[in-house]
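**Student:** Mind looking over this structure? Questions follow.
The values are calculated or read from the model by the stated rules, or taken from the named source; none is laboratory data. Keep in mind that this is a model prediction, so the values were computed, not measured. Here the Cβ is made from the backbone with ideal geometry for all residues, glycine too, and neighbour counts use every protein chain on show. Surface accessibility is based on the protein's heavy atoms, side chains included, excluding ligands, DNA and RNA. Shrake-Rupley method; radii C 1.70, N 1.55, O 1.52, S 1.80 Å.
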Amino acid sequence: MKIRISELTNYLDENVKISGWVYNIRSIGKIWFLILRDGSGYLQCVTVKNDVDDEVFKLEETLTQESSVSVFGKVRKEPRSVGGVELSVSKIIVHQLSNEYPISKKDHGTDFLMTNRHLWLRSKKQNAILKIRHQVIKATRDFYDNNGFILVDSPILTANSVEGTSTLFELDYFDRSAYLTQSGQLYGESSAMAFGNIYVFGPTFRAEKSKTRRHLTEFWMVEPEMAFCDLEQNMDWAEKHVEYVVKHCLEHCRNELETLERDIKKLESITLPFPRITYDDAVEILKNNNVDFKYGSDFGATDETMISNQYQKPVMVHRWPAESKAFYMKRDPKNLNLALGVDMIAPEGYGEIVGGGQREDNFEVLINRIKEHNLPIEHFKWYLDLRKFGSVPHSGFGLGIERTVAWISGTKHIRETIPYPRTMYRLEP
Ligand code: 4AD
Ligand code: MG
């Protein structure tokens, strides 16, 4: 079995073979150091003139950054190095001598780095961000699996719009047209009627024409949906989910958070309960801070930052003016102008990470909403069925993986939180 750098503490004083890429080389005459990376970590390999063949020692002059090599040697304890070990080199095999690597240690512009995303992924910070992404997804799955939710995959090719018709990607589908899914919610709802508690997890698509640091055209969303669940219980699930993910990352991503110089104390203060305020309360905050805000509209990025700055934790804003929200939201029986929706806004200006709410469960009301929103009723027939055959109060939400990773990792721009970002201007690599 291949041994990886992260496992080397189990091989103290043993002879091993480690394969990877040249990260850096430094020489002090009769000794040179190769910093090897293999994706699991970094290893200092020490080559001493008298310990190796001449041709191996001479590799110091020819090896280039990102050349692929296998290094043989003995594992030694070295408390000063990151993994606590180093390698005394006995032999090096070169697989390929890398051409001049375009990404050097000096600063490059983001556009250049994004064009070289396929290579940029190898760098320390990008590696750390995407390892955090991996753990955010793992923790998310663990959380729902451990709580008895069933994973249901929703289709990517759909006939319905869910989140408004302005951001639909339309494509030819034989003799009709189809859309790339904006959200698996509608299928989540039908699945919740079959299984009770479910979650949908997959890529979602929106033709976002905005060029912001929070919007991608392809992003991943986890969407739990619960039968017999009201707005308050929905918020309970959302905050538990987010708390679990943050705790998991604190436990499993220490090195990565340190590499990114994330303020760990801020993450440690993310404990239950999270504050819950109404839309009206949030507007009040904006007014008190002299923000010129039109009641009834959605919050912009700077509004969200202003609201989140009042708290150390994510804040849940609920009960929104109904006209600002989607057709499927249930209205508040105490005030029919309000929708039982909730957004969770991350601290430190990372914006909305969760959107959801309680769903309209009455057949007549829902059919009228679909008509009011000028949506083609024939494509919603199956969805309306759920209100005919054992309708129940139910709720759910969607958590955007990239925005959550951006917040936890402290990454300002969402494009670095997904391996191959898709935006209006970027389809490659
Ligand atoms: O608030 P949204 O639009 O809600 C829905 O799609 C619901 N149907 C979900 C549900 O109730 N099942 O999107 C949910 C989350 C946002 O809070 C945000 O984190 C993320 O998805 N998101 C985006 N992330 C990246 N780029 C975009 N263009 C995004 N649009 C939404
Ligand atoms: Mg939203």
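**Student:** I'm checking my understanding of the structure. Among residues of region 278-301 that are more than 16 Å from ligand 2 (Cβ to nearest atom) and open to solvent by less than 50 Å² (accessible area, probe 1.4 Å), which one is nearest to TYR244 (Cα to Cα)?
**Tutor:** Looking only at region 278-301, we keep the residues that are more than 16 Å from ligand 2 (Cβ to nearest atom), and these are 278, 280-281, 283-295.
Then drop every residue that is not open to solvent by less than 50 Å² (accessible area, probe 1.4 Å), which leaves 278, 283, 285-286, 291, 293.
Working: THR278: 24, VAL283: 29, ILE285: 28, LEU286: 30, VAL291: 34, PHE293: 34 Å.
Ranking the candidates gives THR278 first.
**Student:** List pairs: first residue in region 74-90 and over 10 Å from ASN15 (Cα atoms), second residue surrounded by fewer than 20 Cβ atoms within 10 Å (Cβ to Cβ) and among the aromatic types (Phe, Trp, Tyr) anywhere in the structure, Cβ distance under 7 angstrom, at least six positions apart or on different chains.
**Tutor:** From residues that are over 10 Å from ASN15 (Cα atoms), the pairs are VAL82/TYR42.
**Student:** Another question, then. Output the number of residues of region 84-122 satisfying the condition of being of a type in the set (S, T, N, Q) and more than 22 Å from SER70 (Cβ to Cβ). So that I can check it myself, show each step before the final result.
**Tutor:** Our first condition is that a residue be of a type in the set (S, T, N, Q); within region 84-122, this holds for 88, 90, 96, 98-99, 104, 110, 115-116.
Add one more test, that the residue is more than 22 Å from SER70 (Cβ to Cβ), and what stays is 104, 110, 115-116.
Residues that pass the stated criteria total 4.
**Student:** What helices (runs of 4 or more DSSP H), lying completely within region 115-231, carry at least 3 residues that are under 21 Å from the mean Cα position of the chain (by Cα)?
**Tutor:** Details: elements: 117-120, 124-146, 185-195.
Result: 117-120, 124-146.
**Student:** A follow-up question, please. Considering only residues that are of a type outside the set (Ser, Thr, Tyr) and within 16 Å of ligand 1 (Cβ to nearest atom), which ones fall in region 277-299?
**Tutor:** Filtering region 277-299 down to residues of a type outside the set (Ser, Thr, Tyr) leaves 277, 280-294, 296, 298-299.
Within region 277-299, ALA282, ASP298, PHE299 qualify.
**Student:** Starting from residues that are of a type outside the set (Val, Ile, Thr) and touching a Pro at 6+ places or on another chain (Cβ under 8 Å), keep the ones in region 185-220 and report whichever is farthest from ligand 1 (Cβ to nearest atom).
**Tutor:** Step one: of region 185-220, the residues of a type outside the set (Val, Ile, Thr) are 185-197, 199, 201-203, 205-211, 213-216, 218-220.
If we keep only those that are touching a Pro at 6+ places or on another chain (Cβ under 8 Å) as well, we get 187-188, 197, 199, 216, 218-220.
Working: TYR187: 10, GLY188: 6, ASN197: 13, TYR199: 10, LEU216: 4, GLU218: 8, PHE219: 4, TRP220: 8 Å.
The residue in question is ASN197.
**Student:** Under 26 Å from the mean Cα position of the chain (by Cα) and either β-branched (Val, Ile, Thr) or not assigned by TED's automatic domain parsing to the domain that holds ALA346 (or both): does that describe VAL291?
**Tutor:** On the way: under 26 Å from the mean Cα position of the chain (by Cα): no; either β-branched (Val, Ile, Thr) or not assigned by TED's automatic domain parsing to the domain that holds ALA346 (or both): yes.
Spelling it out, it is not the case that VAL291 is under 26 Å from the mean Cα position of the chain (by Cα) and either β-branched (Val, Ile, Thr) or not assigned by TED's automatic domain parsing to the domain that holds ALA346 (or both).
**Student:** Whether any residue in region 94-116 is within 30 Å of ASP51 (Cα to Cα), of a type outside the set (Ser, Thr, Tyr) and open to solvent by less than 70 Å² (accessible area, probe 1.4 Å) is what I want to check.
**Tutor:** For region 94-116, residues within 30 Å of ASP51 (Cα to Cα), of a type outside the set (Ser, Thr, Tyr) and open to solvent by less than 70 Å² (accessible area, probe 1.4 Å): present.
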